[in-house]
Amino acid sequence: MIVVKIGGAQGVSLDLISQDIASLTQQGQKVVVVHGGSAETNEISEKLGHPARFVTSVSGFSSRYTDRQTLEIFAMVANGRINTLLVECLQKKGVNAFGLCGVDGRVMEAHRKEAIRIVENGKQRMLRDDYTGKIVSVNGVLLKMLIEAGLTPVVAPLAVSPEGDAVNVDADRAAAMVAGAIGAEQLILLTNVPGLMRDFPDEGTLIPHIPRGGLEQALSFAEGRMKKKVLGASEALDQGVTKVIFADGRTAHPLFDAIAGKGTVIS
Ligand code: ADP
């Protein structure tokens with residue numbers, strides 16, 4: 001089983017990725033797709049007069065501040081447009097894709113961070129009313145039921161809190177948790193760069209392989225959201241995934257290239 005996370009970055013062709021997924025499923029591979037949605041949510045939020053607001057946590061991670069209205073826009077964009085169009089694209093290639101998000105059937109449960117400590121203008125303060133969460137469990141049995149029924153699950157990055165609130169979760173880390181829960185061998189994170197670079201954006205410094213023990217150092221090379229991918233890789237390996245690959249989603253055969261070892265392979 002392979003989990004593929006499709007980034008929201010420009011230049012990534014859903015058509016070519018869907019074609020690879022179709023070829024893989026025809027070969028008998030089982031695939032689960034997880035996708036993002038932040039770039040498009042930013043655009044739509046802006047158009048709706050509720051521009052995205054980003055905050056930096058005390059540990060240095062940048063994330064979207066998700067108030068209730070932002071959560072609803074995120075659900076509309078990620079679980080609505082992006083998910084449906086991805087399912088449509090896969091259906092056109094003959095893949096019987098099944099769109100869902102983590103709220104459906106409680107597939108992904110998350111601990112909602114009701115208050116987050118942020119740094120603003122050099123000062124720390126608490127932000128309340130945030131609808132983001134950290135996934136604590138994924139119902140692998142339910143996902144495997146869909147796979148065994150011949151379906152290809154396509155998962156949008158929303159999860160449900162113990163109280164039943166929908167929350168926005170990080171798609172890279174959601175993909176890692178899904179990979180762990182279904183016992184996938186490989187997790188492929190497709191993005192708009194060839195892999196992790198030691199000295200971003202110099203592509204000559206692409207790191208082809210990172211051993212498990214090298215992830216901490218790898219985290220220091222990653223900037224911004226790339227850090228989440230490194231964290232996701234670490235979480236996936238912790239849960240028994242054999243190989244995590246950061247690969248270029250913009251090539252003619254993104255998945256076959258990744259499986260052949262192009263990109264950054266973490267194992
Ligand atoms: P996606 O939307 O595809 O998940 P992100 O924008 O979250 O992708 O993360 C990928 C981005 O991370 C790259 O486009 C690049 O700008 C940035 N990045 C930061 N540090 C690095 C690094 N060391 N190597 C490669 N990319 C990096």
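Things to note:
- All of 151, 189 fail the test of being closer than 16 Å to residue 234 by Cβ and of a type in the set (A, V, I, L, M, F, W, C), apart from 189.
- When segment 221-267 is filtered for residues that are open to solvent by less than 10 Å² (accessible area, probe 1.4 Å) and β-branched (Val, Ile, Thr), the ones remaining, listed by number, are 230, 241, 244, 245, 264, 266.
- Tallying residues that are part of a helix (DSSP H, G or I), under 15 Å from residue 3 (Cβ atoms) and within 13 Å of the ligand (Cβ to nearest atom) within segment 214-257 yields 4.
- Number of residues in segment 180-204 that are of a type in the set (Gly, Ala, Ser), open to solvent by 40 Å² or more (accessible area, probe 1.4 Å) and either within 16 Å of the ligand (Cβ to nearest atom) or at pLDDT below 95 (or both): the value is 1.
- Residue within segment 12-20 that is outside any helix (DSSP H, G or I), within 22 Å of residue 178 (Cβ to Cβ) and open to solvent by less than 60 Å² (accessible area, probe 1.4 Å) present: yes
Rundown of residues vs (1) surrounded by 14 or more Cβ atoms within 10 Å (Cβ to Cβ); (2) on the phi > 0 side of the Ramachandran plot, yes/no style:
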{"position": "45", "(1), (2)": "yes, no"}
{"position": "49", "(1), (2)": "no, yes"}
{"position": "52", "(1), (2)": "yes, no"}
{"position": "69", "(1), (2)": "no, no"}
{"position": "72", "(1), (2)": "yes, no"}
{"position": "80", "(1), (2)": "yes, no"}
{"position": "86", "(1), (2)": "yes, no"}
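- Any hit, segment 169-179, residues being surrounded by 24 or more Cβ atoms within 10 Å (Cβ to Cβ), more than 16 Å from the ligand (Cβ to nearest atom) and under 24 Å from residue 54 (Cβ atoms): no
- Subset tally (residues that are among the hydrophobic types (A, V, I, L, M, F, W, C) and more than 13 Å from the ligand (Cβ to nearest atom)) for segment 1-23: 6
- Among (1) surrounded by 21 or more Cβ atoms within 10 Å (Cβ to Cβ); (2) under 21 Å from residue 61 (Cβ atoms); (3) under 16 Å from the mean Cα position of the chain (by Cα) - the single one residue 210 does not satisfy: (3)
The values are calculated or read from the model by the stated rules, or taken from the named source; none is laboratory data. Source: prediction; values computed, not measured. In this analysis, Cβ positions are derived from the backbone assuming ideal geometry, glycine residues included, and neighbour counts consider all displayed protein chains. SASA here: full protein model, heavy atoms, side chains in, ligands and nucleic acids out. Shrake-Rupley method; radii C 1.70, N 1.55, O 1.52, S 1.80 Å.
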